[in-house]
Amino acid sequence: FSEVHVTLLEAMGSVLPMVPPDLQQHTIDVLRKKGVDVRLNTAVTAYDGNDLILKDGEVIPTKTVIWAAGVRAQDFIKDCGGEVDRAGRIVVEENLLVKGSDCVFALGDCANFQHGTERPLPTVAPVATQQAMQIKANLMALISGKTPDQLGKFVYHDLGAMATIGRGEAVMNGPMPVLGFNLKASGLFAWIAWMLVHLIRLAGKYADFTVSIKWVLNFFFGTRLARIILSKLE
């Protein structure tokens, strides 16, 4: 990979906005140490298949562009009849019922939940899993004869944020209710914690075992057992 050059262009003034500034800077330092050209406050205005055009007029020749611009709901969601936001997410009530409905719920990436928060909840897994538990309880309540106004209201509990930034490197920041303080870490400890959390979240013992083996091989030998197979382009 000596001939591969990676440039990370970020329109905002920081990376990983969900973690404190010192962890953001640690992430940038690690990426740059790995050879990644990290550029902040850099916006892209156009791409013609050969050249990436930046807002300041700079041209970066490349045929490989990976665009990460947030999450949108599936297109069919907007045709389901509920009120949607500009990202195509259905606006939901505090009990996660679709606005104007008494029996249809929405959660996760397709739901806009903004009750007691400045912005809608982020489209991340912890939000979806917690919403699923609340919807399960509310569905059982409806089945038992309760009315929509008697359903439980969803309250999101922020579990913090974790991000891996390469082999043996990660950042984490989150509450520790039992100990009464916030745990903030980076480096190998955070990376191991990231792996353990994701292994716990995997469904099934077979998945836990196979993923564990792959991660061990990757850590010690740089071996990746999973490959993407593409058919030959004509």
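Being of a type outside the set (F, W, Y) and loosely packed, with under 15 Cβ neighbours inside 10 Å narrows it down to one residue among G82, G108, G116, G88; which is it?
Checking each option against the conditions leaves just G116.
Taking the condition of being more than 18 Å from K136 (Cβ to Cβ) and surrounded by 15 or more Cβ atoms within 10 Å (Cβ to Cβ), how many residues in the stretch 92-105 meet it?
The total comes to 0.
So which residues in the stretch 33-61 are surrounded by 10 or more Cβ atoms within 10 Å (Cβ to Cβ), among the polar types (S, T, N, Q) and on the phi < 0 side of the Ramachandran plot?
Here is the first cut: in the stretch 33-61, the ones surrounded by 10 or more Cβ atoms within 10 Å (Cβ to Cβ) are 33-47, 51-55, 58-60.
In the following step, the residues that additionally are among the polar types (S, T, N, Q) were identified as 41-42, 45.
Residues satisfying the conditions are T42, T45.
Hey, could you check the stretch 99-127 for residues that are aliphatic (A, V, I, L, M) and within 24 Å of K146 (Cα to Cα) and say which is farthest from the chain's Cα centre (by Cα)?
Looking at residues that are aliphatic (A, V, I, L, M) and within 24 Å of K146 (Cα to Cα), I get V104.
Could you check how many residues of the stretch 46-73 are out of contact with any helix residue (DSSP H, G or I) (no Cβ under 7 Å at 6 or more places or on another chain) and under 30 Å from V92 (Cα atoms)?
5
Which residue, of L52, L16, L8, is under 25 Å from A163 (Cβ atoms), within 23 Å of the chain's Cα centre (by Cα) and not in a loop (DSSP other than H, G, I, E, B)?
Numbers: L52 fails: within 23 Å of the chain's Cα centre (by Cα); L16 fails: not in a loop (DSSP other than H, G, I, E, B).
Result of the check over L52, L16, L8: L8.
Restricting the first residue to the stretch 180-199 and requiring it to be farther than 18 Å from D22 by Cα, which pairs with a second residue that is among the β-branched types (V, I, T) meet a Cβ separation below 7 Å and a spacing of at least six or different chains?
Correct list of pairs: W194/T164; L199/V211.
Every read-out reported here was derived from the displayed coordinates using simple, explicitly stated rules and does not represent laboratory data. Since this is a predicted model, take the numbers as computed values, not measurements. Virtual Cβ from ideal backbone geometry, glycine too; neighbours counted across all protein chains shown.
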